[in-house]
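> Let me begin by handing over the structure; questions about it come next.
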Amino acid sequence: MSAYEKCEMLLKNYNNYKLGLTTDDGKIAKRCVKMIDKALEALKDEPFICIITMHYIDGISMERIAEVCYISNVTAYKQKKKLIHKLKNILCSDEAIKEMLKDEKRA
């Protein structure tokens, strides 16, 4: 699985993480939510960052997002891809993975 796919998987599962729906006691899920929120905050000034939040967090279809943003479907998908590439550099870095998976006893 590529870093892009891993990043997209994290985004797709954001709401499950937020609810604590994981196999552990929710500690990793909470850290994932925190890391995703931090990454989105880091990119808050990016044009069309709303595409990521609207699609992955709010569950809005890409076609509807294109309508709301007054852009074509092609532009919406291109912007989503561009933003995920930027997010993957933040969320799938070695430091981010260590932070998400750190052992609470050692922290």
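The values are calculated or read from the model by the stated rules, or taken from the named source; none is laboratory data. Predicted, not measured: the structure shown is a model, and the values here were computed from it. Every residue, glycine among them, receives a Cβ derived from its backbone with ideal geometry; neighbour counts consider all protein chains shown. These accessible areas exclude ligands, DNA and RNA; they are computed on the full protein's heavy atoms, side chains included. Shrake-Rupley method; radii C 1.70, N 1.55, O 1.52, S 1.80 Å.
> Give me the pairs, please: first residue somewhere in region 1-22 and at positive phi and in a helix (DSSP H, G or I), second residue anywhere and at pLDDT below 90 and surrounded by 14 or more Cβ atoms within 10 Å (Cβ to Cβ), beta-carbon distance under 6 Å, and either six or more positions apart or on two chains.
No pair meets every condition.
> Quick one: is residue 84 within 14 Å of residue 8 (Cβ to Cβ), among the hydrophobic types (A, V, I, L, M, F, W, C) and either exposed (fewer than 13 other Cβ atoms within 10 Å of the Cβ) or touching a residue at least 60 places away in the same chain (Cβ under 8 Å) (or both)?
Yes: the conditions hold for residue 84.
> Spot the failing condition for residue 14; the list is (1) surrounded by 15 or more Cβ atoms within 10 Å (Cβ to Cβ); (2) at pLDDT 95 or above, and only one is missed.
(2) is the only condition that residue 14 fails.
> For residue 28, are the conditions met, namely being in a helix (DSSP H, G or I) and surrounded by 15 or more Cβ atoms within 10 Å (Cβ to Cβ)?
yes
> Then there's this: Scanning for something closer than 19 Å to residue 2 by Cα, out of contact with any Lys or Arg (no Cβ under 6 Å at 6 or more places or on another chain) and either open to solvent by 30 Å² or more (accessible area, probe 1.4 Å) or touching a residue at least 60 places away in the same chain (Cβ under 8 Å) (or both), does region 38-45 turn up at least one residue?
No: zero hits.
> Another one. Only residues in region 56-78 that are in contact (Cβ under 8 Å) with a residue 40 or more places away in the chain count as the first member; pair them with residues that are open to solvent by 70 Å² or more (accessible area, probe 1.4 Å) and not β-branched (Val, Ile, Thr), Cβ under 9 angstrom, at least 6 apart or cross-chain, and list the lot.
Close Cβ pairs satisfying both conditions: 56/12; 57/18.
> Out of curiosity, is residue 65 of a type in the set (A, V, I, L, M, F, W, C), modelled with pLDDT of 95 or more, out of contact with any His (no Cβ under 7 Å at 6 or more places or on another chain) and surrounded by 15 or more Cβ atoms within 10 Å (Cβ to Cβ)?
no
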